[in-house]
Amino acid sequence: MDAKGDNKHQKRAVMSRMALVPYVESSLPALSKLHSSSAQFRFANRDLRLSQDWKKLGVAAVVWDAAIVMCMYLELRKVELKGKVAIELGAGTGLVGIVAALLGAKVTITDREPALDFLSANVKANLPPDSRGSVTVSELTWGESLELYPAGGFDLVLGADIVYLEDTFVPLLQTLEHLCSDTALLLLACKIRYERDTNFLSMLKQRFSVEEVYYDKQRDIHIYKAWKLPPRGDL
Ligand SMILES: C[S@@+](CC[C@H](N)C(=O)[O-])C[C@H]1O[C@@H](n2cnc3c(N)ncnc32)[C@H](O)[C@@H]1O
């Protein structure tokens with residue numbers, strides 16, 4: 001690639017890492033809630049207040065609708081959380097992991113390194129002292145240093161609004177395969193914004209059995225449950 005092309009490629013890569021949907025502040029009233037310094041919810045019989053900082057950390061420091069719908073789904077108790085060993089990927093503010101812990105799971109809440117201080121502060125502020133022992137916050141960039149996490153070491157893998165960057169689809173799938181035990185349940189809350197997002201679901205279906213179990217019409221969020229398919233030789 002020549003220097004000009006290389007430059008263009010780098011620019012595009014940086015944009016795709018940073019922007020979920022590029023928009024100008026306050027140009028879309030529906031998105032103005034992302035600019036509030038906090039967001040409040042009541043889940044698991046507790047009032048939760050999550051700090052937000054769009055300007056400083058962008059997508060990782062606001063609560064996305066997918067996280068809210070995932071928490072609503074967890075509260076329906078269709079999925080057993082008590083005593084489960086869970087991990088949340090791309091946790092952002094950590095709402096989903098916090099609610100999973102409040103509902104009885106032991107949760108590792110993960111995101112990329114730049115998001116971790118903000119995430120840890122939110123987790124600490126929203127968990128009562130007696131629940132803090134059931135949560136660990138740690139770095140997990142999809143596809144990187146996966147050996148730090150036990151292969152097949154989780155009963156439940158959670159992800160809210162983590163399917164949006166095409167560049168990450170392969171490492172994300174690799175991460176899901178690494179973390180899920182043969183009996184693990186994967187729960188993804190997805191906003192399908194672009195055609196390409198469905199490509200990830202097609203990739204997922206090559207390795208997991210996938211079922212849509214919930215749809216929030218108002219927020220346009222789909223919840224998918226998935227289990228690892230047996231290795232091809234066993235089919
Ligand atoms: C749209 S936000 C969703 C945040 C949160 N789950 C929610 O729904 O409120 C996407 C999250 O994925 C994380 N993320 C993006 N690329 C990642 C990668 N390659 N590895 C790990 N996390 C990543 C971002 O830091 C961000 O926290």
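For region 44-88, what are the residues that are among the basic types (Lys, Arg) and within 21 Å of residue 213 (Cα to Cα)?
Matches in region 44-88: 77, 78, 82, 84.
Rundown of residues vs (1) surrounded by 15 or more Cβ atoms within 10 Å (Cβ to Cβ); (2) farther than 29 Å from residue 205 by Cβ; (3) at pLDDT 95 or above, yes/no style:
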position	(1), (2), (3)
85	yes, no, yes
91	yes, no, yes
97	yes, no, yes
102	yes, yes, yes
108	yes, no, yes
119	yes, yes, yes
131	yes, yes, no
140	yes, no, yes
177	yes, no, yes
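Does region 177-187 include one or more residues that are within 13 Å of the ligand (Cβ to nearest atom) and among the aliphatic types (A, V, I, L, M)?
Yes, because at least one residue in region 177-187 is within 13 Å of the ligand (Cβ to nearest atom) and among the aliphatic types (A, V, I, L, M).
Which pairs have Cβ atoms under 6 Å, sit 6 or more apart or on different chains, and link a residue in region 47-71 that is of a type in the set (Lys, Arg) to one that is more than 8 Å from the ligand (Cβ to nearest atom) and modelled with pLDDT under 95?
Close Cβ pairs satisfying both conditions: 49/38.
Suppose we filter 120, 134, 138 for residues that are in contact with a Lys or Arg (Cβ under 6 Å, 6 or more places away or on another chain), among the small types (Gly, Ala, Ser) and over 22 Å from residue 191 (Cβ atoms); which single one remains?
The conditions single out 134.
Can you name the residue in region 37-47 that is closer than 18 Å to residue 115 by Cβ and over 18 Å from the mean Cα position of the chain (by Cα) and is also least open to solvent (accessible area, probe 1.4 Å) among such residues?
Here the residue is 38.
Suppose we keep only residues that are more than 9 Å from the ligand (Cβ to nearest atom) and within 14 Å of the chain's Cα centre (by Cα) within region 75-96. Which one would you say is nearest to residue 183 (Cα to Cα)?
86
So that you can scan it fast, the table gives a plain yes or no per residue for (1) open to solvent by 30 Å² or more (accessible area, probe 1.4 Å); (2) free of Cβ contacts under 8 Å to residues at least 12 places away in the same chain; (3) within 13 Å of the ligand (Cβ to nearest atom); (4) touching a strand residue (DSSP E or B) at 6+ places or on another chain (Cβ under 8 Å):
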{"position": "114", "(1), (2), (3), (4)": "yes, no, yes, no"}
{"position": "127", "(1), (2), (3), (4)": "no, no, no, yes"}
{"position": "135", "(1), (2), (3), (4)": "no, no, no, yes"}
{"position": "147", "(1), (2), (3), (4)": "yes, yes, no, no"}
{"position": "156", "(1), (2), (3), (4)": "no, no, no, yes"}
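The values are calculated or read from the model by the stated rules, or taken from the named source; none is laboratory data. Just so it is clear, the structure is predicted and the values come from calculations on it, not from any experiment. Glycine also receives a Cβ, built like all others from the backbone with ideal geometry; neighbour counts cover every protein chain displayed. The protein model used for the area step is the full one, side chains on, heavy atoms only, and it has no ligands, DNA or RNA in it. Shrake-Rupley method; radii C 1.70, N 1.55, O 1.52, S 1.80 Å.
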